[in-house]
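Heads up: the structure comes next, in C-alpha cells.
The values are calculated or read from the model by the stated rules, or taken from the named source; none is laboratory data. All of these numbers come straight from a predicted model, not from anything done at the bench. Please note: Cβ atoms are built from the backbone with ideal geometry, for glycine as well, and neighbour counts cover all protein chains shown.
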C-alpha cells in the first residue's frame, strides 16, 4: 500500500490556494523547481495527472478529488500535532472579528483551534471593524482582528497583510451609465462603505444606497439577487459572485490592511495560541 507524504499534499494545497508553483514555493521556503519536482512525485505516486498546465494550472478531475481529500488529511495531521505536540492550554479568550471574515474563519481557523485546544473557551463576536476597535479600547475584547486603511496615519493593527478592495456583483448585473450606482453597503462607520463613497465622490459619480445591513449573509444575498453592487476585500468574496478592482466605469478603490490589535503583555497563553492560529489563517489568504 502506498503512503502519501503530507509535505507533498501541503505543497499541492498551497499551489491551489495561491495559484502558482512560484508563489507556493515562496510561502513554503522552496524553489520553483523543487515544487515542480514534488508535484511530479505526487503524480507518479497516484499515477494520475493533477493539473491541466496549458489552462492556467486548472485542476483535472483527479486533482479536484485529491484537493478535497488532501485538505482534510492536513487538517487531521495539523490538529493531532497541535494536540499532542504543544502544552495543554486552558482558559478563555474574548475575540472580535470583522463581519466579512466570520464565515471563513469560523469554519476553518477557529474550528481547528477548538479541536486542538478543547480546554480553551472562545467568546467570539463579529462586527464592523470601527466598532471592534472602539470596544477593544473599552476592554470588551482580549484580541481583535480588524480592517483599517492601508495608509492609516496612526495604524492600530500589527501582523497585517494588505489586500485590494474589489467591486463585487452578480454576473448578470448591468449598470446604466445614466443612473446612480446602486450600492449595497454595511452600516455607517464601515471602512468599505467609506472607501466606496469617497472614491465615487472623487470621480464625481452619482450613487444611491439600495440596501444597508450589518449582516454578511444579507450583503451576499442582496448582491446575488442583483439589487446592486458592493465592495469587499479580495479574499472574502464568496463563490458565485464576480469581483474585480475595476468594473465598468467604477473607480479603483485601493487596498486595506487586515491585522490584529492586542496587548502582548496582557495576552494569556490561550490568547497567544489563538493569535498564532489566526496569523496562520490570515497568511493563508
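Table: residues versus (1) in the same structural domain as residue 119 (by TED's automatic domain parsing); (2) surrounded by 13 or more Cβ atoms within 10 Å (Cβ to Cβ); (3) more than 30 Å from residue 114 (Cβ to Cβ).
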{"residue": "11", "(1), (2), (3)": "no, yes, no"}
{"residue": "21", "(1), (2), (3)": "no, yes, yes"}
{"residue": "25", "(1), (2), (3)": "no, yes, yes"}
{"residue": "29", "(1), (2), (3)": "no, no, no"}
{"residue": "40", "(1), (2), (3)": "no, no, yes"}
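Among the numbered criteria (1) touching a helix residue (DSSP H, G or I) at 6+ places or on another chain (Cβ under 8 Å); (2) at pLDDT below 90, which single criterion is violated by residue 248?
Single failed check for residue 248: (1).
Here's a check for you: in the stretch 222-235, which residue that is touching a residue at least 40 places away in the same chain (Cβ under 8 Å) and in a helix (DSSP H, G or I) is nearest to residue 179 (Cα to Cα)?
223
Based on what the data block shows, is residue 219 outside any strand (DSSP E or B), in the same structural domain as residue 246 (by TED's automatic domain parsing) and crowded, with 18+ Cβ neighbours inside 10 Å? Spell out the reasoning first.
Working: outside any strand (DSSP E or B): yes; in the same structural domain as residue 246 (by TED's automatic domain parsing): yes; crowded, with 18+ Cβ neighbours inside 10 Å: yes.
Spelling it out, residue 219 is indeed outside any strand (DSSP E or B), in the same structural domain as residue 246 (by TED's automatic domain parsing) and crowded, with 18+ Cβ neighbours inside 10 Å.
Residues to consider are 45, 8; find the one that is in a helix (DSSP H, G or I) and out of contact with any helix residue (DSSP H, G or I) (no Cβ under 6 Å at 6 or more places or on another chain). Full working, then the answer.
Working: 8 fails: out of contact with any helix residue (DSSP H, G or I) (no Cβ under 6 Å at 6 or more places or on another chain).
Exactly one residue qualifies, and that residue is 45.
Can you find a residue in the stretch 97-117 that is farther than 20 Å from residue 239 by Cβ, outside any helix (DSSP H, G or I) and within 20 Å of the chain's Cα centre (by Cα)?
Keep residues of the stretch 97-117 that are farther than 20 Å from residue 239 by Cβ, which gives 97, 110, 112-117.
Subsequent filtering for residues that are outside any helix (DSSP H, G or I) retains 97, 117.
Now drop any that are not within 20 Å of the chain's Cα centre (by Cα), which leaves 97.
Within the stretch 97-117 (the criterion being farther than 20 Å from residue 239 by Cβ, outside any helix (DSSP H, G or I) and within 20 Å of the chain's Cα centre (by Cα)), the answer is yes, since at least one residue qualifies.
Only one of (1) part of a strand (DSSP E or B); (2) over 30 Å from residue 138 (Cβ atoms) is not met by residue 35, so which one is it?
Residue 35 satisfies every listed condition except (1).
Only residues that are surrounded by fewer than 15 Cβ atoms within 10 Å (Cβ to Cβ) and closer than 16 Å to residue 276 by Cβ: list them for the stretch 120-160, please.
158 - this is the single residue of the stretch 120-160 that is surrounded by fewer than 15 Cβ atoms within 10 Å (Cβ to Cβ) and closer than 16 Å to residue 276 by Cβ.
For the stretch 261-284, enumerate the residues that are closer than 18 Å to residue 154 by Cβ and surrounded by fewer than 18 Cβ atoms within 10 Å (Cβ to Cβ). It would help to see each step written out before you state the result.
Of the residues in the stretch 261-284, the ones closer than 18 Å to residue 154 by Cβ are 261-263.
Hit for the stretch 261-284 is 263, nothing else.
How about the stretch 102-134: which of its residues are in contact with a strand residue (DSSP E or B) (Cβ under 9 Å, 6 or more places away or on another chain) and more than 30 Å from residue 88 (Cβ to Cβ)? Walk me through how you get there before you give the answer.
From the stretch 102-134, those in contact with a strand residue (DSSP E or B) (Cβ under 9 Å, 6 or more places away or on another chain) are 102, 105-106, 110, 113-114, 119-133; that's our starting set.
Once the filter is applied, which keeps residues that are in contact with a strand residue (DSSP E or B) (Cβ under 9 Å, 6 or more places away or on another chain) and more than 30 Å from residue 88 (Cβ to Cβ), the stretch 102-134 yields 127, 128, 129, 130, 131, 133.
Identify, from the list 103, 89, 13, 35, the residue that is modelled with pLDDT under 85 and over 30 Å from residue 186 (Cα atoms). Show your work before the answer.
Numbers: 103 fails: over 30 Å from residue 186 (Cα atoms); 13 fails: modelled with pLDDT under 85; 35 fails: modelled with pLDDT under 85.
Every option except 89 fails the conditions.
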